[in-house]
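Okay, so here's the structure we're looking at.
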Amino acid sequence: MKFKGDEAVSRATRATGRTLLLLSFTLAIHKVGWIEVTEASVFGVRVVSGKLETLLTVLIIGAAIGHSIQWYGDKLSFDGWNVNGNEIGVGRLDSRPTKRLDGAAFDLDRLNEWLTKNEKTDPDQIDRLVSEIGSINSKIDRFSKFAFVYFYIWHFAVPVGLAIAVCVARNA
């Protein structure tokens, strides 16, 4: 997903998320018994089957920490883009703290008032403007909801939640 021409989630965060999912699924299917490893070699180091779960758990914890750090860096950028309207408005004449989207809505309301008071304004033009503003508002709302799911759920809660669930289930 791109926002303002840049990726909302960095390549590093996507890579650490995939690594975390892969390690978690590997531990899960090993724990269920779908795969059995009698002996393996990882980075030239021999791993016996009894220690594979421990090794995968350590790798999952390390990957979860790395992913959380990468994701938090992306979160700082994501919040700065004001996708969910969390940044204080910039360039407002009255300099009052406000969310950018609220500031835009305020400006559009002032424009609507001006158009309504202006005698030269066509009433049909005002109706079209109100319709366009409503359309823009619904599109922003849909984008904001999708951005929340994509960023917070898909790229954080799913990989980290699965990693936690698999590590807890390993000890059960």
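Laboratory data are not the source of any read-out in this text; all were calculated from the coordinates shown. Bear in mind that the values here come from a model prediction, so they are computed numbers and not experimental data. Neighbour counts run over all protein chains shown; Cβ positions are idealised from the backbone, glycine included.
What residues from the stretch 132-172 fall in the zone where the backbone N is under 19 Å from a label point 7 Å along the Cα-to-C-beta line of LEU55? So the set is 167, 170-171. Here's how it looks for VAL47: its modeled amide H is under 5 Å from those of ALA40, SER41, VAL42, which are all 5 or more places away or on a different chain. Each residue of the stretch 66-72 was assigned a 3J(HN,Hα) from its phi angle through the Karplus curve 6.51 cos²θ - 1.76 cosθ + 1.60 (θ = phi - 60°); the sequence is x, 5, 4, 5, 4, 5, 5 Hz, with glycine and proline shown as x.
Between VAL32 and ILE164, residue separation times 0.36 nm minus the direct Cα-Cα distance comes to 45.9 nm.
Here the peptides 162-168, 145-151 are ranked by packing, the mean other Cβ count within 10 Å, and the order with the highest first is 162-168, 145-151.
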